[in-house]
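Here is the structure we will look at.
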Amino acid sequence: MTSGVRSILVTIALAFVAGLGGVWLGKTVLSPAPHHESLHEAIHSELRLSAEQRRRIEGLERDFASRRQALESDMRTANAELATAVREEHGFGPRVTAAIEHCHRVMGDLQNETMRHVFAMREVMTPDQRERFDRIVASALTSERQ
């Protein structure tokens, strides 16, 4: 096998792996709507929030939505950088590595923002609601609730 053919096969394999990673990322991290809606529904249906609590949580959700959209945009940019690096570098070189690290930073930022949002909502609740909320969040994080 010539080095040119080998480079093409490595590029195809990397593109395939990056594609699978993108699908996984999109389904589990960047598309929190199913889990977020599930969490949102549970909060509103199971916790018996007061009108004031609902108002405050809805404000938190609006704020979080804009931060999440910005991070999702950053993730799309990071994925585009990775695609360009794979296309141009034809191997697991420094540009691919840097692009992957950029993706990981953005994913971490999104996870941090999500947890800040979760804890901000928790602060609006009574101690009894917090106990139930903690169980709902733990279930959502372990995919027990779907």
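The values are calculated or read from the model by the stated rules, or taken from the named source; none is laboratory data. Quick caveat: nothing in here was measured; it's all calculated off a predicted structure. Cβ coordinates were reconstructed from backbone atoms using ideal geometry, including for glycine residues, and neighbour counts include every protein chain displayed.
Mind telling me which of the residues GLU41, GLU88 ends up being of a type in the set (Asp, Glu), part of a helix (DSSP H, G or I), at pLDDT below 90 and surrounded by fewer than 13 Cβ atoms within 10 Å (Cβ to Cβ)?
Answer to the selection: GLU41.
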> Any chance region 92-104 includes a residue that's touching a residue at least 24 places away in the same chain (Cβ under 8 Å), among the acidic types (Asp, Glu) and assigned to a helix (DSSP H, G or I)?
Replying inline: no
>> I'm checking my understanding of the structure. Among residues of region 63-80 that are of a type in the set (A, V, I, L, M) and touching a residue at least 12 places away in the same chain (Cβ under 8 Å), which one is farthest from ASP109 (Cα to Cα)?
In response: ALA78
> For region 91-110, which residues satisfy the criterion of being surrounded by 13 or more Cβ atoms within 10 Å (Cβ to Cβ) and under 25 Å from PHE133 (Cα atoms)?
Replying inline: MET107, ASP109, LEU110
> Out of region 112-146, which residues are surrounded by 13 or more Cβ atoms within 10 Å (Cβ to Cβ), among the polar types (S, T, N, Q) and out of contact with any Pro (no Cβ under 8 Å at 6 or more places or on another chain)?
Replying inline: THR126, GLN129, SER139
> If only one of MET115, MET121, MET107 is aliphatic (A, V, I, L, M), assigned to a helix (DSSP H, G or I) and without any contact (Cβ under 8 Å) to a residue 60 or more places away in the chain, which one is it?
Replying inline: MET115
